[in-house]
1. Tell me the residue from B:178, B:172, B:127 that is part of a loop (DSSP other than H, G, I, E, B) and at pLDDT 85 or above, please.
2. Taking only the stretch B:13-48 into account, find how many residues are under 20 Å from residue B:66 (Cα atoms) and in contact with a strand residue (DSSP E or B) (Cβ under 9 Å, 6 or more places away or on another chain).
3. Can you go through A:104, A:111, A:88, A:98 and tell me which one is within 20 Å of residue B:93 (Cα to Cα) and surrounded by fewer than 19 Cβ atoms within 10 Å (Cβ to Cβ)?
4. Condition (residue is in contact with a helix residue (DSSP H, G or I) (Cβ under 7 Å, 6 or more places away or on another chain) and either part of a helix (DSSP H, G or I) or buried (at least 21 other Cβ atoms within 10 Å of the Cβ) (or both)) applied to the stretch B:182-193: is it met by at least one residue?
5. Pick out the one residue from A:170, A:192, A:188 that is within 26 Å of residue A:101 (Cβ to Cβ), at pLDDT below 90 and either surrounded by fewer than 17 Cβ atoms within 10 Å (Cβ to Cβ) or in contact with a helix residue (DSSP H, G or I) (Cβ under 8 Å, 6 or more places away or on another chain) (or both).
6. Among the listed residues B:33, B:9, identify the single one that is in contact (Cβ under 8 Å) with a residue 24 or more places away in the chain, closer than 22 Å to residue B:209 by Cα and under 20 Å from the mean Cα position of the chain (by Cα).
7. Do the conditions hold for residue B:101, that is, is it modelled with pLDDT of 90 or more, touching a helix residue (DSSP H, G or I) at 6+ places or on another chain (Cβ under 7 Å) and farther than 24 Å from residue B:162 by Cα?
8. Quick check on my filter: what residues within the stretch A:85-108 are facing chain B (nearest Cβ under 10 Å), on the phi < 0 side of the Ramachandran plot and part of a loop (DSSP other than H, G, I, E, B)?
C-alpha cells in the first residue's frame, strides 16, 4: 500500500514563532488517520499547508503525487475538506450549495446532477434539497458538507474537528458514513479531534503533535503500549502533559463570538 | 468563465432572497430624497440654483450605489471565516476569477438598487430625467461605479480580520466620500481646500456623470467623468484582486 500523503521536514514559521517544527509523517492510501494534539499544537497550520491554504516555510509535501506549492490545482482536485466552521452558503439551498461546488470543481453537468442526488441520498438529505441551509441544524450542515466534500470524488477527505458540538446520534451516523466510504471506495480519511474515544475507535493510525513537533505515531494499541496506559486519552495526556495551555483569543475566536452574539446560524 | 458566472449568480440569488434587506436598504435613500428634497427645495431655488429635486436625485442614486457596493465588498470579512469563500479558496479555481465574479455581482446589485431609487424618485417626487434615452447609459455608469466601490470594499476587507474595522471604514471613509461628492450640495461653493479634496473623490465623478445624463447639469464633462471612473475602477480592481489573492484564512 503506497502513501497518499507524504510530509518531510515540514516547517512553518510566522516571524519569530515556529508553529510547525520540522515534522515528517506519511498517510497510507485508504487509511483512516487521526491527527491529535492540544490547542496551539500546530494541527490547523499543518492541515492548511496540506490543503494549499498556506505555503510552508520549508520542507516537502506530496499529496496524491503532487506538491501543493507547485501544483495547487492538482492537489485541490485530490482532496475534499470539511472545515471546523461551516463553510456553506446559508442563503442558498442545500442543492445549490452542492451544485456550486460541482461547477467550481469542473464536474460535468450530467455527472454532477447524478452525484448530487446520490450523495444527498447517502447523507439522508435529499428530501431537504430545496431548503435554505440556514434552516438546517448543525448536524445536517455537517452531513451536507460531507456530501459536498465528496462530490468531486477526491482521494482524501480532510475533516477538522468534525463532530464538535454534534449530538451522539449524528456523530454515530457520521462516522458510519465515513467508515463505509472508506471501505467501499477506499477514500483516505484524515481527521483531527479532541474526542479521544472517537480517535481510538475510528482511526487506524494516529499521529500526536505538540508544540509543532510530532511526538508519537502509531496505532492506538502501539501508543498505549508505548506509554503503558489503558486508553488513548491517558496515552495522550501522558505524552502532552496535563497543564492547560495558555492561549489568546484568535481573530477566529472573536468572529465566532460575534456570530453567536448576532444569533447567526444554528450550531 | 463558469466560475465568474457562478459567483455572480450567487450574489444575485442571495440579494433576491432577502426581501427585507432589500427594502430596508432603500429606506435611507428615500428618506434623504424626500426630507432634503422637499426640505431644502425652496431655499435652493431661491439661491438661484434651480430645481433641487433634479439636482438631488442623481446624488441619492449615487448614495445607494456606494453604500450597497462597499457593503458587498466588505462581506468578504465575514464570508472568509464562515461562508462560501473558504470553500472557494480550496477549490481549483483562480482567486482572480472568484474576485471578478463577486465584484460584478456586487456591482449588479448596486445598479439594481440605483434603478429602484430612480423609479421611486419618479413616483414620489417631481424628479424627471432630462432625456429618457439617456437612462440606459446612466445604468451603465451605475454598473461602473458599483464595480469601482465593490472592488474597493473587497480590497479593504481583504486586509481586515474582524468586523471591528468595519465601523471605522463606514464612518471615516465612506461617509466622507459620500458627503464630499457633491451628492447633496454643489461643490462649487466650497472653500478651496475642500474643493481640492473633492477632486480626489471618485464618487464625485460618478455623481457628476449621473447629473449630466439624468438632469442635464453637471460640472465636468461626461468624457472626463467616464475616463476618471474607468481608470480608478481598473486601479481598484487590480489592487483588490491582488490583496484578495493574498488572503489567508
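1. On the way: B:178 fails: part of a loop (DSSP other than H, G, I, E, B); B:172 fails: part of a loop (DSSP other than H, G, I, E, B).
Answer to the check: B:127.
2. Number of matching residues: 0.
3. A:111
4. yes
5. Details: A:192 fails: at pLDDT below 90; A:188 fails: at pLDDT below 90.
None of the others qualify; the one that does is A:170.
6. Checking each option against the conditions leaves just B:33.
7. No, not satisfied.
8. Of everything in the stretch A:85-108, those that are facing chain B (nearest Cβ under 10 Å), on the phi < 0 side of the Ramachandran plot and part of a loop (DSSP other than H, G, I, E, B) turn out to be A:85, A:86, A:87, A:88, A:89, A:90, A:91, A:92, A:105.
The values are calculated or read from the model by the stated rules, or taken from the named source; none is laboratory data. All of these numbers come straight from a predicted model, not from anything done at the bench. Don't worry about glycine lacking a Cβ; one is built from the backbone with ideal geometry, like all the others, and counts go over all protein chains shown.
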